[in-house]
Amino acid sequence: MTDAPNKTGAPNIVILTGAGISRESGLATFRDPDGIWQQVRIEDVATPEAYRRDPERVQAFYNARRAQLADVAPNAAHLALAELDRRWPGELLLVTQNVDDLHDRAGSRRLLHMHGELRRAWCRACDATHPWDEDLGMATACPACATMGRMRPHIVWFGEMPLHMDAIEAALARCDLFVSIGTSGNVYPAAGFVAEVRGRAETVELNLEPSEGTHLVDRAVHGPATRIVPDFVADLLARRA
Ligand code: APR
């Protein structure tokens with residue numbers, strides 16, 4: 001790992017997380033045998049066409065997932081990344097594909113949700129987004145423009161552009177260490193980040209099992225996130241002490 005030419009001398013870090021980091025908090029992943037896409041089809045709840053065809057069904061799917069957040073808490077992996085965020089003197093960006101709020105509640109600040117957030121709603125009439133805890137429905141009025149029937153979950157669906165890509169690409173261009181945690185490496189553009197940085201940044205995968213991107217990384221550690229992520233963070237901080 002090359003020390004970055006920033007003022008602190010600490011390498012710049014980009015961390016990408018996926019559903020696997022939240023699994024031990026009790027939230028399902030997508031492609032594991034008990035995953036969400038084994039219960040419901042992407043085409044029925046996670047595309048703009050699904051929303052046009054049956055908005056109530058899509059709203060109900062995300063209302064149920066939003067309601068689950070009240071029953072789960074950040075786990076040791078989320079908390080370890082929040083501690084790294086607090087203590088890392090160099091640049092650090094946590095990019096999550098997850099739409100849960102567990103990184104936020106753990107205390108991560110240098111955090112971007114590239115697939116949106118269950119706890120935000122998006123008005124398609126005025127484009128405003130709002131913090132959101134309640135159910136969303138076709139009668140929901142936008143707090144900004146009062147239009148009814150145009151509020152949707154602030155979730156990036158398949159076929160839509162992920163959020164914050166300029167900031168993410170800028171961080172990837174400068175990163176010296178890229179860590180992928182709890183993601184199967186099936187969905188782009190996130191799945192392409194490791195190929196983008198390999199060769200000029202050290203690349204690490206922390207996952208329960210090999211992913212689609214394991215063959216591209218310099219180092220892979222396999223095991224449950226609540227064990228391997230705190231170990232990884234402790235080692236990283238010890239090497240900087
Ligand atoms: N600890 C670490 N990794 C785990 C754990 C665990 N306890 N449990 C599961 N995993 C790993 C799985 O081995 C798998 O590689 O987490 C990964 C989860 O993969 P997916 O279910 O495909 O989830 P993710 O990679 O986040 O999906 C990416 O796809 O459906 C879209 O928008 C959705 O953001 C999501 C994107």
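The values are calculated or read from the model by the stated rules, or taken from the named source; none is laboratory data. Please read these numbers as outputs of a predicted model, since none were measured by experiment. We place every Cβ from the backbone using ideal geometry, glycine too, and count neighbours over all the protein chains shown. With ligands, DNA and RNA removed, areas are computed over all heavy atoms of the protein, side chains included. Shrake-Rupley method; radii C 1.70, N 1.55, O 1.52, S 1.80 Å.
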Distance between modelled label sites at residue 68 and residue 109, nm, 7 Å Cα→Cβ extension: 3.1
Rounded to 5, the percent of DSSP beta bridges in the chain classed as antiparallel: 30
Gain on full stretching of the segment that runs from residue 53 to residue 40 - 0.36 nm per residue minus C-alpha separation: 3.1 nm
Gaussian network model of the chain, springs between alpha carbon atoms under 10 Å - residue of 229, 187, 72 with greatest fluctuation: 187
Crossing angle, helix 225-240 versus the chain [Cα axis fit, 0-90 degrees, rounded to tens]: 40
Principal-axis tilt of helix 55-68 within the chain, Cα atoms, nearest 10 degrees: 50
Share of Cα-Cα pairs in the stretch 1-109 lying beyond 20 Å, as whole percent: 52
For the stretch 71-117 and the stretch 217-232, distance of Cα centres in Å: 16
Ratio Rg/Rh [Cα only; Rh per Kirkwood] for the stretch 114-224: 1.12
Cysteines having no other Cys beta carbon under 4.7 Å from their own, within the chain: 175
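Give me the 1.4 Å probe accessible area per residue for the stretch 144-234, excluding ligands and nucleic acids, in Å².
On the way: 4140 Å² over 91 residues.
Ligands and nucleic acids excluded, the result is 46 Å² per residue.
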GNM top mover of 40, 204, 14 - the chain, alpha-carbon springs below 10 Å: 40
Rounded to 10°, Cα long-axis angle of helix 165-174 versus longest principal axis of the chain: 0
The chain, accessible surface, carbon-and-sulfur percent (1.4 angstrom probe): 52
DSSP beta bridge pairing in the stretch 37-162, given as percent antiparallel to the nearest 5: 75
Nitroxide proxy distance, nm - points 7 Å out along Cα→Cβ at residue 150 and residue 241: 5.6
q = 0.07, 0.11, 0.14 Å⁻¹, the chain: log10 I(q)/I(0) [Debye, one scatterer per Cα]: -0.24, -0.58, -0.92
Spatial separation of Cα centroids for the stretch 175-211 and the stretch 6-66, in angstrom: 17
For the chain, built as a Gaussian network whose Cα springs stay under 10 Å, the top-fluctuating residue of 115, 78, 130: 130
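Rounded, prolate or oblate: which fits the stretch 174-241, taking a ≥ b ≥ c as square roots of the Cα gyration tensor eigenvalues, rounded meaning a/c under 1.5, else prolate when a/b beats b/c? Mind showing how you got there, number by number?
On the way: a/c = 2.24, a/b = 1.22, b/c = 1.84.
The shape class here is oblate.
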Accessible area (Å², per residue) of the stretch 1-88, counting only protein heavy atoms and a probe of 1.4 Å: 47
